[in-house]
Structure formats: C-alpha cells, structure tokens
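Chemist: Following this message is one structure expressed as structure tokens.
Laboratory data are not the source of any read-out in this text; all were calculated from the coordinates shown. Since the model is a prediction, treat every value here as computed from it, not as a measurement. Here the Cβ positions follow ideal geometry from the backbone for every residue, glycine too, while neighbour counts run over all protein chains shown.
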C-alpha cells in the first residue's frame with residue numbers, strides 16, 4: 001500500500017476536510033457492509049479461489065479510478081470499487097488457510113501461520129511506506145499511479161492458489177442459508193456473538209487510528225512527507241514483527257489477559273496521542289501497533305475455533321461486516337468532531353469510547369465463554 005502514508009494528505013491537497021475524509025471511508029465501509037456477508041457466502045459456495053480472483057481484479061480497477069480523480073465524487077466512485085474488491089477477499093483468505101491446514105490435520109498451526117501472513121503483509125507495507133513517502137515528495141498523485149501495478153500483482157497470485165477440500169458438502173447457495181448463518185453468529189450462539197462484538201470494536205479502534213495518524217504527524221508533530229513514510233514503515237514493521245510471535249504471547253497470557261490487554265493498550269494509545277504533542281508520544285504509538293499485531297491474528301483464531309468449515313468464510317465476513325458498520329457510524333462523527341474542535345480532542349473521545357465499549361463487550365464475552373465451558 002504505497003498510498004497509505006500520505007492518503008490523508010492527498011485528500012487534503014484536493015480540498016477535503018477530515019469530515020469528508022472519514023465520510024469517504026464510511027462509504028467504503030458501507031460498500032463492504034452491503035457485500036461482505038454475501039461475498040463471504042459466495043466464497044463458501046463458489047470456492048474461495050474464485051472470489052479471491054474477483055477481489056484482486058476489482059482492487060486493481062479501484063486504483064485506476066483514483067489515479068484519474070481530482071475531487072470528492074471521483075474519490076467516492078473509487079472507494080466504492082475498492083470496497084467491492086476487499087469484500088470478496090476478506091474472510092475468503094483466512095478460510096482458505098484454515099481449511100488447507102484442516103485437510104492436513106494441522107489446524108493447530110493456524111494462529112502461527114495467520115500471524116505469519118499478517119507479518120509478511122506488514123513487512124511489505126513497511127517497504128511500501130518508505131517508497132510511498134519518497135514518491136509523494138515528487139507528487140502526491142504518484143503513489144496512486146504506482147499502486148495500480150502493485151495491486152495488479154494480486155491477480156496472478158490469486159490464480160495460482162489451490163482450493164483446499166471442504167470438510168462438509170457445500171449446498172447450493174441461498175439467501176435463506178446466509179441469513180441462517182448470520183442469525184446463528186449474531187443471535188443464537190452467544191459465545192460467538194460476543195466474540196464478534198469484541199473483535200469488531202477492537203478492529204474499528206485500530207482502523208480509526210490509521211486515519212488519524214497522518215494528520216497527527218503532519219499538523220501536531222510537523223513531519224515531512226518522507227518522515228511520515230518512514231514513521232508509517234516503522235509502525236507496520238512493528239505489527240509485522242509482533243504478528244510473528246502473537247501465538248506465543250496468547251499462549252503465555254491466556255485468553256482473558258490477552259483480551260483485556262488489547263483494550264487497555266488501545267485506550268492508552270489514544271489517550272497518549274490526545275495528551276502529548278511531542279516525540280515522546282512515539283513509544284505509545286509503537287505500543288498501540290504492537291497491540292494491533294497481536295489482536296488481528298488472535299481474534300481471528302478465536303472465531304475460527306467456534307466455526308464450522310462450510311461456514312467459516314461467511315462468519316469471518318460477519319465479523320468484518322460488524323467492524324465496517326461500527327466504522328461507518330463512528331468515523332464521520334469523529335471526523336466532524338475533529339473539524340469542529342481539534343484532532344487531539346477527537347483522539348481523546350475515541351479512546352474513551354473504544355475503551356469503555358470494548359472492555360464491556362470483553363467482560364460479557366468471557367462470561368459466556370466460561371459458562372459454555374462449564375456446561376461442556
């Protein structure tokens with residue numbers, strides 16, 4: 001993602017405020033919300049490889065649209081195309097990995113390998129951040145143009161994947177079955193419901209932070225575009241390194257300490273950025289991204305343990321669906337709040353909201369998880 005270190009600066013250079021920036025991301029999220037669960041179910045019925053190829057093609061097309069757009073409405077179309085692409089990818093990739101391991105009776109290695117996948121992605125984004133920052137010094141549009149070539153690599157990569165065998169016969173797809181899986185995930189299975197709720201709040205918190213960091217580094221810390229690229233690279237390197245050992249951290253701490261630790265450090269990260277406006281905030285920012293590196297593979301693993309093979313991509317898509325619903329609601333509001341008051345006030349409000357609701361959902365999830373274990 002060459003564009004990520006400077007995307008907010010690109011928006012601002014084209015006349016957008018933070019409210020419009022986060023409104024665009026809300027539209028992106030709504031697009032994913034509409035397609036997330038149907039695309040996840042499509043992966044369970046058509047095959048994960050097919051949906052990954054579709055997602056890769058649409059992802060490339062979205063950056064083509066971005067490269068030729070110069071205002072809010074052009075960016076809006078690009079975000080809708082980009083939102084359609086990832087909706088076909090999210091859930092399908094993790095489900096394919098888990099079922100591949102399941103077919104070899106190696107599912108216990110999922111958390112380690114999911115962490116490795118996330119780690120490699122963040123190592124790649126580390127290099128991309130450095131390159132994107134340098135390209136942006138020439139032109140803020142250049143990273144978007146180069147991104148087309150990078151995104152296109154995903155198409156042959158998806159084509160070369162091998163579909164793993166399913167562990168239950170897949171029935172013909174239907175809206176009725178999709179709704180049955182959604183009902184099971186969010187209503188009937190209380191352990192899975194509150195797991196998804198907590199996971200979604202944590203995911204929304206890390207997603208929101210990504211859109212505040214660039215203007216924070218630009219306006220509060222006074223970083224140049226190249227410096228922002230370097231800082232973004234360091235943050236992604238932190239996520240990548242942490243993801244490699246996430247399974248060890250979770251194994252040593254256990255689920256209870258891991259879950260509460262995630263919300264505690266997320267809250268501290270937000271509040272620290274809200275209170276400090278010097279380079280002393282960097283250790284707290286690194287701590288936040290360390291937490292992200294643990295949370296993503298661990299929370300996906302928790303959901304996979306509670307889910308059947310023929311429903312796995314759909315349930316993971318339900319999680320992503322809820323994350324995007326939360327972000328579509330909170331993102332524009334927090335962007336408006338930042339424009340109305342200031343960025344650090346919006347960060348403080350974000351930290352309080354995510355910590356309170358995240359901790360509350362964690363307590364409820366752990367209660368039902370313990371109750372279910374006692375029943376067994």
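Chemist: Using only Cα atoms, tell me the angle between helix 48-67 and the longest principal axis of the chain; keep it within 0 to 90° and round to the nearest 10.
Modeler: 10 degrees
Chemist: Right, another one. For the chain, set up a GNM with springs between Cα atoms under 10 Å and report which of 85, 17, 254 has the largest fluctuation.
Modeler: Highest fluctuation among the options: 254.
Chemist: According to the Kirkwood expression over distinct Cα-Cα pairs, how big is the hydrodynamic radius of region 218-280, in Å?
Modeler: 13.9 Å
Chemist: Right, another one. Give me the angle, in degrees from 0 to 90, between the Cα long axis of helix 190-215 and the longest principal axis of the Cα atoms of the chain, rounded to the nearest 10.
Modeler: For 190-215 against the chain, the angle is about 20 degrees.
Chemist: How big is the C-alpha Rg of region 324-373 next to the rule-of-thumb value 2.2 N^0.38 Å, as a ratio?
Modeler: Against the compact-globule rule of thumb, the ratio is 1.52.
Chemist: Also, quick follow-up: Whole-Å semi-axes of region 236-376's equivalent ellipsoid, largest first, each the root of 5 times a Cα gyration tensor eigenvalue?
Modeler: Numbers: eigenvalues 164, 71, 44 Å².
Largest first, region 236-376 gives 29, 19, 15 Å.
Chemist: Over region 59-210, consider all pairs of different Cα atoms and compute the Kirkwood hydrodynamic radius from their mean reciprocal separation; express it in Å, one decimal.
Modeler: It works out to 18.7 Å.
Chemist: So what's Rg/Rh here for region 286-339, counting alpha carbon atoms and using the Kirkwood radius for Rh?
Modeler: On the way: Rg = 14.6 Å, Rh = 13.1 Å.
Result for region 286-339 is an Rg/Rh of 1.11.
Chemist: Can you order the peptides 131-139, 184-192 by their average number of other Cβ atoms within 10 Å per residue, highest first?
Modeler: 131-139, 184-192
Chemist: Packing-wise, with mean Cβ within 10 Å as the measure, how do 149-161, 338-350 rank, highest first?
Modeler: 338-350, 149-161
Chemist: Note the full-extension length gain between residue 255 and residue 210 as 0.36 nm times their separation in residues minus their Cα-Cα distance, in nm to one decimal.
Modeler: Between residue 255 and residue 210, full extension yields an extra 13.6 nm.
Chemist: What number, in percent, do you get for the relative contact order of region 262-376 if the mean sequence gap of Cα pairs under 8 Å and at least 6 apart is divided by its residue count?
Modeler: On the way: 66 pairs, mean separation 48.0, N = 115.
Result for region 262-376 is 42 percent.
Chemist: Rounded to the nearest Å, what's the spacing between the alpha carbon centres of region 2-20 and region 200-227? Just the number, please.
Modeler: Comparing the Cα centres of region 2-20 and region 200-227, I get a distance of 11 Å.
Chemist: Given the -39500 (n - 2.57) contribution per DSSP H run of 4+ residues, what per-residue ellipticity at 222 nm results for the chain, rounded to the nearest 500 deg cm²/dmol?
Modeler: Numbers: 15 runs with 303 residues, N = 376.
So the calculated ellipticity at 222 nm is -28000 deg cm²/dmol.
Chemist: May I pose another question? Taking the Cα atoms of the chain, what is the range of coordinates along each of the three principal axes, in descending order and whole Å?
Modeler: Extents along the principal axes: 55, 41, 33 Å.
Chemist: Any idea what the alpha-carbon Rg over 2.2 N^0.38 Å comes to for region 1-105? Walk me through the numbers before you get to the answer.
Modeler: Working: Rg = 15.8 Å, N = 105, 2.2 N^0.38 = 12.9 Å.
Output field value: 1.23.
Chemist: Now a separate question. Angle between the Cα long axis of helix 343-375 and the longest principal axis of the chain, 0 to 90 degrees, nearest 10?
Modeler: Between the helix axis and the principal axis of the chain, the angle is about 10 degrees.
Chemist: Okay, next question. Can you tell me the Rg and the Dmax, both Å, for the Cα atoms in region 135-270?
Modeler: 20.7, 57
Chemist: How would you order 52-58, 89-95 from highest to lowest mean count of nearby Cβ atoms within 10 Å?
Modeler: 89-95, 52-58
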